[in-house]
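The values are calculated or read from the model by the stated rules, or taken from the named source; none is laboratory data. In this text the structure is predicted, and so the values were computed from the model without any measurement. Methodologically, a virtual Cβ is constructed for each residue, glycine included, from the backbone with ideal geometry; neighbour enumeration extends over all protein chains shown.
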Amino acid sequence: MNKSTFIYGLLLSFWGSVFSIFSIKGVMDAYSFLTTAIPAQGTVIQLLKSSSTKPKQSIKYYNYRLLVEFTTKQRKPTKFGSNASNNPPAYTKGPQVEILYDPENPQSAIINSWGEIWGGLTIATGVSSVCVLCGLWLLFAYFPSKSNN
């Protein structure tokens, strides 16, 4: 194996570890939020449209985030925008959705679905883990084992 294998192994292991730390922090934050969050029913009041254009193309792509309104236990109406955006939209305007909100900061709310809570964290944790494993594999491939001698 050449020296570039060693360098790629170090880089993948290092950056994969860094991203793994952020992913684990995200999982811990999500768990902490879920232990204190209060469930409520919200209403989708608007679809927030965002657009993007791929470089070197003139095609526009649209994604939709939900704007949800709910009432806290203190009877305060609150609105929040969902974290995830989809095309096609996950909901239309009008239906009820179950949400979870922080009683200390009601605008810190999420739609109570697996994808909203764990989807991004699962992808980030998976990608960072694959980077660490590939980096370690390259590092072990760089150093020949003593049994081959």
**Request:** Scan the range 37-50 and report the pairs whose first residue is closer than 16 Å to SER113 by Cβ and whose second residue is aromatic (Phe, Trp, Tyr), with Cβ atoms within less than 6 Å and a gap of 6+ or a chain change.
**Result:** ALA40/PHE70; GLY42/PHE70; VAL44/TYR91
**Complete:** Residues of the range 97-118 being outside any loop (DSSP other than H, G, I, E, B) and in contact with a Ser or Thr (Cβ under 6 Å, 6 or more places away or on another chain), in sequence order, are ILE111
**Message:** I'd like to check something: does the range 102-118 contain any residue that is of a type outside the set (Val, Ile, Thr) and over 22 Å from the mean Cα position of the chain (by Cα)?
**Reply:** yes
**Message:** I'd like to verify a number: residues in the range 74-85 that are surrounded by 14 or more Cβ atoms within 10 Å (Cβ to Cβ) and either farther than 16 Å from ASN112 by Cβ or aromatic (Phe, Trp, Tyr) (or both), how many?
**Reply:** 3
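Looking for whichever is aliphatic (A, V, I, L, M) and loosely packed, with under 10 Cβ neighbours inside 10 Å here; the options are ILE7, ILE59, ILE24. Which one fits? Break it down into steps so the answer makes sense when it comes.
Numbers: ILE7 fails: loosely packed, with under 10 Cβ neighbours inside 10 Å; ILE24 fails: loosely packed, with under 10 Cβ neighbours inside 10 Å.
Answer to the check: ILE59.
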**Asked** Within the range 112-144, can you find the residues that are touching a residue at least 60 places away in the same chain (Cβ under 8 Å) and among the β-branched types (Val, Ile, Thr)?
**Response** ILE117, THR125, VAL127, VAL130, VAL132
**Asked** Among the numbered criteria (1) within 15 Å of ILE45 (Cα to Cα); (2) modelled with pLDDT of 90 or more; (3) among the β-branched types (Val, Ile, Thr), which single criterion is violated by THR72?
**Response** (1)
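Does THR125 meet the test of being out of contact with any Gly (no Cβ under 9 Å at 6 or more places or on another chain) and surrounded by 12 or more Cβ atoms within 10 Å (Cβ to Cβ)? I'd like the intermediate steps shown before the answer.
Working: out of contact with any Gly (no Cβ under 9 Å at 6 or more places or on another chain): no; surrounded by 12 or more Cβ atoms within 10 Å (Cβ to Cβ): yes.
No, not satisfied.
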**Item:** Members of the range 4-60 found to be closer than 30 Å to GLN74 by Cβ and not hydrophobic (A, V, I, L, M, F, W, C), listed by number
**Value:** GLY26, ASP29, TYR31, SER32, THR35, THR36, PRO39, GLN41, GLY42, THR43, GLN46
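Can you give me the number of residues within the range 33-65 that are hydrophobic (A, V, I, L, M, F, W, C) and touching a Pro at 6+ places or on another chain (Cβ under 7 Å)? Step through it out loud before you land on a result.
Going residue by residue through the range 33-65, those that are hydrophobic (A, V, I, L, M, F, W, C) are 33-34, 37-38, 40, 44-45, 47-48, 59.
Then keep just the ones that are touching a Pro at 6+ places or on another chain (Cβ under 7 Å); that gives 38, 44, 47.
Going through the range 33-65 one residue at a time, the tally reaches 3.
Might you let me know whether the range 92-100 holds any residue that is touching a residue at least 40 places away in the same chain (Cβ under 8 Å), surrounded by 14 or more Cβ atoms within 10 Å (Cβ to Cβ) and not hydrophobic (A, V, I, L, M, F, W, C)?
Of all residues in the range 92-100, those touching a residue at least 40 places away in the same chain (Cβ under 8 Å) come to 92-100.
Subset that is surrounded by 14 or more Cβ atoms within 10 Å (Cβ to Cβ): 97, 99-100.
Pick out the ones that are also not hydrophobic (A, V, I, L, M, F, W, C) and you get none.
No - not one qualifying residue is present in the range 92-100.
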